[in-house]
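Participant: Before we start, here is the structure in question, set down as structure tokens.
No value in this document is a laboratory result; all are computed from the given coordinates. As the structure is a computational prediction, the values presented were derived from the model and not from experiment. When we count neighbours, we look across all protein chains shown, and the Cβ atoms used for this are built from the backbone with ideal geometry, even at glycine.
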Amino acid sequence: MIRDPKDLKRYTASERANHWVVGISFILLALSGLAFFHPAFFPLTQLFGGPVWARIIHPYLGVLMAVSFLGLFIRFRHLNKMTPADKEWLSKAKQMVDGDDHNMPEQGKYNGGQKVMFWALAVCMLLMTVSGIFIWRAWFGFDITLVRLGAVVHAAAGAVMIGLIMVHVYAAIWVKGTIRAMWYGTVTRAWAKQHHRGWYRQVTGK
Amino acid sequence: MALQSLDIKQRSATTTPPPQARQTVEIAKLIDVSACIGCKACQVACMEWNDVRDEVGSNHGVYDNPMDLTEKSWTVMRFSEVEQNNKLEWLIRKDGCMHCSDPGCLKACPAPGAIIQYSNGIVDFHQENCIGCGYCVTGCPFNVPRISKTDSKAYKCTLCSDRVAVNQAPACAKSCPTGAIQFGSKEDMKDYAAKRIGDLKERGFDKAGLYDPEGVGGTHVMYVLHHADQPGLYAGLPENPSVSPLVSLWKGFAKPLATLALAGVALGSLFHYVTKGPNEVSKEIEDEIEREDKEEAK
């Protein structure tokens, strides 16, 4: 477990733990939720001990995710305020995706794309929670129009959220040296200087 | 009611065609509201044939008993007192599953084979495949399916699919003392209804007509109504029922569209990585940091 003592701390242990509670509940929710959405995914219910168990467990996992997501939201909302530099970053995001980040403006702890991701996920999570309550028949019985609306919103926001998380995961895979920040909390100085120079200056004083 | 030797037209949560080489005659139950005396023999026959016994409820001061459909009461008489042409009328409608040609329940159901539509028109719930999500309730335009509080399965009228399979009329039709419940091919039932409607018109009910709503592709339980222009009089029978556009959106084109979009994001990511390569820290910056470290060490 010897690592470079000069590595930079990006996430605390409790932030990481919180992230993974959200992550695990999200994966389980996505797998069981897709099963109820399209017949092609129905066999995924076998991962949960059969379709009836999948139906019973899914909403409770939803509660777990909503609560733990709220934790992440409170922790990180201040770091995700949009700035003019973020808008500039976003307008140049295509160049970055194409593999050229030389023109990207300097970024703090999070870049414009990460901030958009943060707020988009927060909106989806809110929609998922409210619509999920509308369609949770084991505990609630809402007016049929609300239930129908809830079903549509839940499916749509769920699909968007799965797409967003795919992008989130892929971004972490694409940008080398990123995933370790969520495993054990540190990144190399070079990584920070490359991708988040503003944050690098702030934490190193350079 | 699984394992019946009936031919299948549609199966819930199934994207490939069901076996459909054989075609059966479309059947229908015709409920002549004008001939119903509200004796509830049909309710009793339904309980008896299907071996369901609802809990004995309490008197609510009206004739409706039980007050609503439940997982154990698959049909109930709904009594409405209305005034038409300055006369009091007592309208009694036998409520239950309408067996739609375009069933909202089946469309919404996520469990393969939990809801089956036979080629004779019967829409049947197969409880052993039901997962208890209640999507059928969300999909039904007539508010018919009920989720059991004890086993979380959905229940409703089967149109006695087990009896029909062996050429018997549904238990309710068999028991009706006034002939208000008729059973036969849908065509014959329409002919019979036309005669009844003719009779009613002669007797002054000039708005008499058949309730076989087109919005759900027609139904396999039809009503003869004396006031077919106002189905709402009959304990809120919907005037123009159809599968809610929200349900069609949800279980219609959103389903393949979202699935394709997600596959697109996944494949797009993979091919981005393969074509553009990973985003690594540049050698320049690595060297910079190394140089700084060496300077500091001096």
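Participant: Would you mind computing the Rg to Rh ratio of the stretch A:29-102 from its alpha-carbon coordinates, Kirkwood style for Rh?
Facilitator: When Rh is taken as the Kirkwood radius, the ratio is 1.23.
Participant: On to the next question. So what does the Cα-only Debye profile of the stretch A:11-204 read at q = 0.07, 0.08 Å⁻¹, as log10 I(q)/I(0), no solvent term?
Facilitator: Rounded to two decimals, the profile gives -0.25, -0.32.
Participant: Any chance you could check the Cα centroid distance between the stretch B:29-75 and the stretch A:41-73 for me, in angstrom?
Facilitator: Centre-to-centre distance over Cα atoms comes out at 39 Å.
Participant: Quick one: pull the percentage of alpha-carbon pairs in the protein assembly as shown with a separation above 45 Å.
Facilitator: The calculated P(r) of the protein assembly as shown puts 33 percent of pairs beyond 45 Å.
Participant: Of all the stretches in chain B, which is the longest one without any exposed loop site, taking GluC sites (Glu not before Pro) in a DSSP loop (any state but H, G, I, E, B) with at most 16 other Cβ atoms within 10 Å? Could you put the intermediate results ahead of the total?
Facilitator: Details: sites that count: B:GLU55, B:GLU239, B:GLU280.
After excluding every exposed loop site, the longest remaining stretch is B:56-238.
Participant: Counting pairs of Cα atoms in the stretch B:52-96, how many percent are more than 11 Å apart?
Facilitator: Everything past 11 Å amounts to 69 percent.
Participant: Binning every alpha carbon pair distance of the stretch A:120-193 at 5 Å from zero, what are the percents per bin?
Facilitator: With a bin width of 5 Å, the distribution comes to 3, 15, 17, 14, 11, 11, 8, 8, 6, 3, 2, 0.
Participant: If you restrict to DSSP beta bridges whose two residues both lie in the stretch B:8-250, what percentage is antiparallel, to the nearest 5?
Facilitator: Here the antiparallel bridges make up roughly 85 percent for the stretch B:8-250.
Participant: Next question, about the same structure. Would you please calculate the Kirkwood hydrodynamic radius of the stretch B:227-293 over all C-alpha pairs and express it in Å, rounded to one decimal?
Facilitator: 18.0 Å
Participant: For the stretch B:8-250, what is the charge dipole size about the Cα centre, in debye to the nearest 20, if Lys and Arg each add +1 at the Cβ and Asp and Glu each add -1 at the Cβ?
Facilitator: The calculation lands at about 360 debye.
Participant: Return the whole-Å distance between the Cα centroid of the stretch B:273-298 and the Cα centroid of the stretch A:151-186.
Facilitator: Distance between centres, Cα-based: 26 Å.
Participant: Other chains' Cβ within 10 Å of B:122-132 residues: what's the mean?
Facilitator: For this peptide, the per-residue mean of nearby foreign Cβ atoms is 2.
Participant: Could you check which residue among B:ALA111, B:ALA228, B:ALA254 shows the biggest mean-square fluctuation in a GNM of chain B with a 10 Å Cα cutoff?
Facilitator: B:ALA254
Participant: How would B:ASP287, B:ASP32 line up from fewest to most surrounding beta-carbon atoms within 10 angstrom?
Facilitator: So the ranking, lowest neighbour count to highest, is B:ASP287, B:ASP32.
Participant: How large is the charge dipole for the protein assembly as shown, taken about the Cα centre, if only the Cβ atoms of Lys, Arg (+1) and Asp, Glu (-1) carry charge, to the nearest 20 debye?
Facilitator: With Lys and Arg at +1 and Asp and Glu at -1, about 1260 debye.
Participant: For chain A, modelled as a Gaussian network with Cα springs under 10 Å, which listed residue fluctuates most, A:GLY163, A:GLY99, A:GLY185?
Facilitator: The residue that fluctuates most here is A:GLY99.
Participant: Could you work out, residue by residue across A:25-38, how many beta carbons of other chains sit within 10 Å of that residue's beta carbon, and then give the average as an integer? Write out the running numbers ahead of the final one.
Facilitator: Details: counts 0, 0, 0, 0, 0, 1, 0, 0, 0, 3, 4, 7, 7, 10.
Whole-number average of other-chain Cβ neighbours for A:25-38 is 2.
Participant: How much mean residue ellipticity at 222 nm does chain B get from its helices, if each DSSP H run of length 4 or more adds -39500 (n - 2.57) and you divide by all residues, to the nearest 500 deg cm²/dmol?
Facilitator: It comes out at -9000 deg cm²/dmol, rounded to the nearest 500.
Participant: Exposure proxy check: A:TYR110, A:TYR200 ranked by fewest other beta carbons within 10 Å?
Facilitator: Details: A:TYR110 20, A:TYR200 24.
Ascending Cβ contact count within 10 Å gives the list A:TYR110, A:TYR200.
Participant: How big is the charge dipole of the stretch A:11-204 about its Cα centre, in debye rounded to the nearest 20, if each Lys and Arg gets +1 on its Cβ and each Asp and Glu gets -1 on its Cβ?
Facilitator: Numbers: 18 positive and 8 negative charges, 87 e Å.
Using Cβ point charges on Lys, Arg, Asp and Glu, the stretch A:11-204 gives about 420 debye.
Participant: Using Cα pairs closer than 8 Å and at least 6 residues apart in sequence, work out the relative contact order for the stretch B:8-250, in percent.
Facilitator: The normalised contact order for the stretch B:8-250 reaches 27 percent.
Participant: Then there's this: Which of the helices in chain A meet the span-like rule: DSSP H, Cα axial reach of 24 Å or more, Kyte-Doolittle mean at least 1.0?
Facilitator: Sorted by number, the helices that extend far enough and score high enough are A:13-37, A:51-76, A:112-134, A:144-174.
Participant: With unit charges on the beta carbons (Lys and Arg positive, Asp and Glu negative) and the dipole taken about the Cα centre of the protein assembly as shown, which residue among B:VAL221, B:MET67, B:GLN84 sits farthest to the positive side?
Facilitator: Comparing the listed Cα positions along the dipole, B:MET67 ranks first.
Participant: Just going by the charge dipole of the stretch B:253-297, with Lys and Arg at +1 and Asp and Glu at -1 on Cβ, which of B:ILE285, B:LEU262, B:ALA297 is farthest out on the positive end?
Facilitator: The Cα lying farthest towards the positive end belongs to B:LEU262.
Participant: Moving on. Using a Cα-Cα cut-off of under 22 Å, which lysines could be cross-linked to B:LYS87, ignoring same-chain neighbours fewer than 8 residues away?
Facilitator: B:LYS201, B:LYS207
Participant: Can I ask one more? What ranking of A:LEU121, A:LEU146 emerges when the number of other C-beta atoms within 10 Å of each C-beta is taken as an exposure proxy, fewest first?
Facilitator: The fewest-first ordering by Cβ neighbours comes to A:LEU146, A:LEU121.
Participant: Under the definition of partner shielding as Cβ atoms of other protein chains within 10 Å of a residue Cβ, what is the mean value for peptide B:277-284? Can you show the working numbers first?
Facilitator: Working: counts 2, 6, 13, 7, 12, 5, 1, 3.
Counting other chains' Cβ atoms within 10 Å and averaging over B:277-284 gives 6.
Participant: Could I ask something else about it? Please compute, over every Cα-Cα pair in chain B, the percentage with a separation greater than 28 angstrom.
Facilitator: 47 percent
Participant: What pairs from A:LYS115/B:LYS283; B:LYS94/B:LYS174; B:LYS153/B:LYS174; B:LYS107/B:LYS149 go past 18 Å between their alpha carbons? Provide the component values of the computation, followed by the final result.
Facilitator: Values: A:LYS115/B:LYS283 28 Å; B:LYS94/B:LYS174 15 Å; B:LYS153/B:LYS174 28 Å; B:LYS107/B:LYS149 23 Å.
Long pairs (Cα-Cα over 18 Å): A:LYS115/B:LYS283; B:LYS153/B:LYS174; B:LYS107/B:LYS149.
Participant: For the stretch A:1-156, with the dipole built from +1 on Lys and Arg beta-carbon atoms and -1 on Asp and Glu ones, taken about the Cα centre, which of A:PHE140, A:GLN107, A:ALA17 lies farthest toward the positive end?
Facilitator: Towards the positive end, the residue furthest out is A:PHE140.
Participant: Viscosity 1.002 mPa s, temperature 20 °C: give me the Stokes-Einstein translational D for the stretch B:144-298 in µm²/s, with Rh taken as the Kirkwood radius over C-alpha pairs.
Facilitator: 95 µm²/s
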